[in-house]
1. (1) open to solvent by 40 Å² or more (accessible area, probe 1.4 Å); (2) over 21 Å from A:V217 (Cα atoms); (3) in contact (Cβ under 8 Å) with a residue 40 or more places away in the chain: which one isn't true of A:I86, the others all being true?
2. Only one residue in A:S76, A:S164 is open to solvent by less than 50 Å² (accessible area, probe 1.4 Å), assigned to a helix (DSSP H, G or I), closer than 30 Å to B:A86 by Cβ and polar (S, T, N, Q), so which one is that?
3. Which of the residues belonging to the stretch A:34-65 are of a type in the set (V, I, T) and surrounded by 11 or more Cβ atoms within 10 Å (Cβ to Cβ)?
4. Among the residues of the stretch B:48-55, is any open to solvent by less than 40 Å² (accessible area, probe 1.4 Å) and within 8 Å of another protein chain (Cβ to nearest Cβ)?
5. Test B:S235 against the criterion of being of a type outside the set (D, E), at pLDDT 90 or above and out of contact with any His (no Cβ under 6 Å at 6 or more places or on another chain), and give yes or no.
6. Return only the number of the condition from (1) under 22 Å from B:E77 (Cα atoms); (2) in a helix (DSSP H, G or I); (3) open to solvent by 20 Å² or more (accessible area, probe 1.4 Å); (4) within 14 Å of chain A (Cβ to nearest Cβ) that B:L101 does not satisfy.
7. Could you check the stretch B:109-153 and list, in sequence order, the residues that are assigned to a loop (DSSP other than H, G, I, E, B) and either within 14 Å of chain A (Cβ to nearest Cβ) or within 24 Å of A:Q178 (Cβ to Cβ) (or both)?
8. Can you pull out every residue in the stretch B:164-193 that is in contact (Cβ under 8 Å) with a residue 40 or more places away in the chain, outside any helix (DSSP H, G or I), open to solvent by 20 Å² or more (accessible area, probe 1.4 Å) and away from chain A (no Cβ under 14 Å)?
Amino acid sequence: MKAVAVPRLSHPGRPRRLPLGSASLAPTVLALVVGAVLWELVGRLGFPFFPPLSAVLARLAEMIGKGMIIDPLVTSLGNLAIGFAISVVFGVAIGLLMGVYHRVHAALDIYVNALLTAPSLVFAPIFFSIWGLDRQSIIAVIVMYTIFVIIINTAAAVETVPASLIEMGRSYNASDWQLFRKVILPAATPLTMAAIRVGAGAAVKGMVNGEMFIAVVGLGAVVTAAGRRFDATSVLAVLIVMIVVAFVLIKAVQLVDARLTSWLPPTSRTG
Amino acid sequence: MIEITGLCKAFAGRRGIGEVQAIQDLSLTVHDHEFLTILGPSGCGKTTLLRALAGLVDWDEGEISIDGKPVRGPGPERSMVFQNFALLPWATVLNNVAFGLELRGVGKKEREEKAAHLIQTVGLSGFEKRLPGELSGGMQQRVGLARALAVEPEVLLMDEPFGALDEQTRRLLQEELLRIWEANRITVIFITHSMEEAVLLGDRVVLMSARPGKIQEIVPVPLARPRSADVDRVSQSEEFVAITSHLWTRLRDMQHELQHRGVEAVAS
């Protein structure tokens, strides 16, 4: 038997469907195809609230045509962008502080862990009472979903910086700031980026939940309305949009990650 | 001149009990332009001593001074070469070598010129743009050595720098280090657990014993310099063999004594 062909499965002569093309895309595409076929087959068995993929995609096209998707999506993405940005900026900053200063870590650790495990929607009524139906409420929910996972993983990233590198920096008379800027920060970057990537997925969840439970706007509003009509096809159509949003966001974070951590050997790269 | 007087350093044992006396009442003078090697079994406090000299750890009692100035932390007149290389994995060879200069605020052009020169000295020309992960262990330690030399230290502290390398690489780097040192003759304090390495490189060998870490003997090495020209002849000479076998006898006795004491401690 011949040796098994390794990763570079390209399809000569066939245009690439996905613009993110790389050698490792083949298994992903295969998994998507299998998933789609299964969905279609199970859907055709006729379970009441499980329409086949083809019907869902047709409904999605129809909804887009009627302008039911694009405008709400823009609203949702605006909230997502603001909430995610706040989470990244403050989450990484607080995480770095916790990683570097043991006292900050000792002081904040219990709160961060408590809020990480608490169901984030518990805070929705509080936000609602402060901001009402405004987008601030949804942004706040997104931040609640996202920031703690970023904080905790960024702090962990700093803690994994090899002590030998810090000692080396100190032996060359580095100031605290130099040590942070030139040793700790670059060494913690790979895991910090992983933290942000996890946060990206959480932010999309927070966006939808916020829209469904507080202010009924954006994609959340579309889902809620469809749900009330027991219109599973529309619910799933919107779900596809949400998954695509999450996927694109995570891919964007990965692209930034790849630029920042190109020094990592391929085998130790996360994700 | 480096003067160490009455140095004591203890570490708390696990769960705060069973204090370990890493260094006990150690006094030592290192002369300018001397290549001093420190030899001892593991746990004899030799690395702790070096870290104290580097200003990386505090000690309990005693004094360390360099040219009369007491050591209170790391200083620009000292630089260190680490056993595990401690290179920045994201920085190129050039930037790693220039790192100490960068921390000192030396301009980009100047530090890169200096680094390039040292890269040549340690025989890594052509690898300037490589990352440490792309280099062998021996090459990585050449980078570590170049980085330490780039800041033009008066004292070079080397913590078992070749301990993680295979025998061939180790010998090549010993020759290289001798060649570089015999050209610049800065003060070097070199930690090792290899008798041959200690004798081949050193002007004097400080023999330490473990638990507590103490100096047992200081053995002068009267082998002629430069030694780099003919390392093989030096290491097969009668004198060389005599000194290493003397060191071995002492080390073996120390080990026996330790085991003996261990048995007594268990028995009592």
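The values are calculated or read from the model by the stated rules, or taken from the named source; none is laboratory data. Given the structure is predicted, the values throughout are model-derived calculations rather than measurements. All Cβ positions, even for glycine, are placed from backbone atoms using ideal geometry, and neighbour counts span all protein chains on display. Just the protein is used for accessible areas: all its heavy atoms, side chains included, with ligands, DNA and RNA removed. Shrake-Rupley method; radii C 1.70, N 1.55, O 1.52, S 1.80 Å.
1. Of everything listed in (1) open to solvent by 40 Å² or more (accessible area, probe 1.4 Å); (2) over 21 Å from A:V217 (Cα atoms); (3) in contact (Cβ under 8 Å) with a residue 40 or more places away in the chain, A:I86 misses just condition (2).
2. A:S164
3. First, the residues of the stretch A:34-65 that are of a type in the set (V, I, T): A:34, A:37, A:42, A:56, A:64.
Across the stretch A:34-65, the qualifying residues are A:V37, A:V42, A:V56, A:I64.
4. Yes: one or more hits.
5. Spelling it out, B:S235 is indeed of a type outside the set (D, E), at pLDDT 90 or above and out of contact with any His (no Cβ under 6 Å at 6 or more places or on another chain).
6. Of the numbered conditions (1) under 22 Å from B:E77 (Cα atoms); (2) in a helix (DSSP H, G or I); (3) open to solvent by 20 Å² or more (accessible area, probe 1.4 Å); (4) within 14 Å of chain A (Cβ to nearest Cβ), the odd one out for B:L101 is (3).
7. B:E128, B:K129, B:R130, B:L131, B:L135, B:V151, B:E152, B:P153
8. B:R185, B:I186, B:H193
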